[in-house]
Amino acid sequence: MKIIFNFFRIFFLFCIPFFSHSQNSIIAIINDDAISLNEFENFSINYPQIKNRKDLLDKLIDHTFEKSKIRELKIIPAKEAIRKELINIAKLNNLTLEQLELLPDFESIYINIAYNLSKIALMQLIVSSEKKANPNSNFNDLEVYQNWLRSIREKAYIEVYEKKLEK
C-alpha cells in the first residue's frame, strides 16, 4: 500500500504541473484520493453559502475523509431507509415517488440520500465508540465528530494545488 501511495504521490507531484487547468485537473490529493476541479465545482453547487474557495475545499476534504471511512467500514444504508427519504422528498415537492424517479436528477438525489444516511450512521458509530472510550467526556455529539475529523486531518497526507483552485 505504501509503495502504491508513494507512486501516486510522485506521479502527481511531477506530472500534474504539466497538465492544463482543465476541469479534470487535480486540485488536491488526500491520502490515496484525488480531488479534481470538476468534482470541486460539482460539490460547490451543494454549498452556495460558502463563498471562500479554500473553505469549500476544506469541506470537500472532510467529505472525502467521510466517504473513505464509510467505504472502509462498509456502511450501506438500508434500501427501505432510502425509499422512506425519497417518499418524504416527493411529498415535500408535491410529487409521487414515481414522478420523483422520472426527474433527470433523480440519480443525484438518490446518491445524496444514500450518502447522508451513511454519514449519519458513521457519526453515530464514531460518537458511540468515543463515548464508550471516554465516558466522562463533556463533549456533545457534534464536538466528538469534529474532533474525530480533526484527528483524521492531522494524520492524513494532504497536498493542495492552490493555483489550480484560483479562478
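Listing for the model above:
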item: In Hz, Karplus ³J(HN,Hα) per residue of region 149-166 (6.51, -1.76, 1.60; θ = phi - 60°; x = Gly, Pro); result: 4, 4, 5, 5, 4, 5, 8, 7, 8, 10, 10, 10, 9, 4, 5, 6, 7, 6
item: Theoretical gain in end-to-end length, residue 88 to residue 142 [0.36 nm per residue, Cα-Cα removed]; result: 16.9 nm
item: Most to least packed among 67-74, 120-127 [average Cβ atoms within 10 Å]; result: 120-127, 67-74
item: Label point at residue 158 placed 7 Å out along Cα→Cβ; residues across region 24-65 whose backbone nitrogen lies under 11 Å; result: 29-31, 55-65
item: Karplus (6.51, -1.76, 1.60) ³J(HN,Hα), θ = phi - 60°, over region 73-85, in Hz, Gly and Pro reported as x; result: 8, 6, 7, 10, x, 5, 4, 5, 5, 5, 4, 4, 5
item: Cα gyration tensor shape for the chain, rounded if a/c is under 1.5, else prolate or oblate; result: oblate
item: Cα gyration tensor category, rounded, prolate or oblate, for region 91-167 with a/c compared to 1.5; result: oblate
item: Vicinal HN-Hα couplings computed from phi for region 123-130 (Karplus, 6.51 cos²θ - 1.76 cosθ + 1.60; Hz; Gly/Pro x); result: 4, 4, 5, 5, 5, 4, 5, 5
item: Residue 27 long-range amide H proximity, modeled H, under 5 Å; result: 35, 36, 37
item: Filter on 84/132; 67/164; 51/119 - keep pairs with C-alpha separation over 28 Å; result: 84/132
item: Average Cα contact separation per residue, the chain, under 8 Å, 6 or more apart, as relative contact order %; result: 31
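Read-outs throughout are calculated quantities, based only on the coordinates presented, and are distinct from any laboratory measurement. Remember, predicted model here, so these are calculated numbers, not experimental data. Cβ coordinates were reconstructed from backbone atoms using ideal geometry, including for glycine residues, and neighbour counts include every protein chain displayed.
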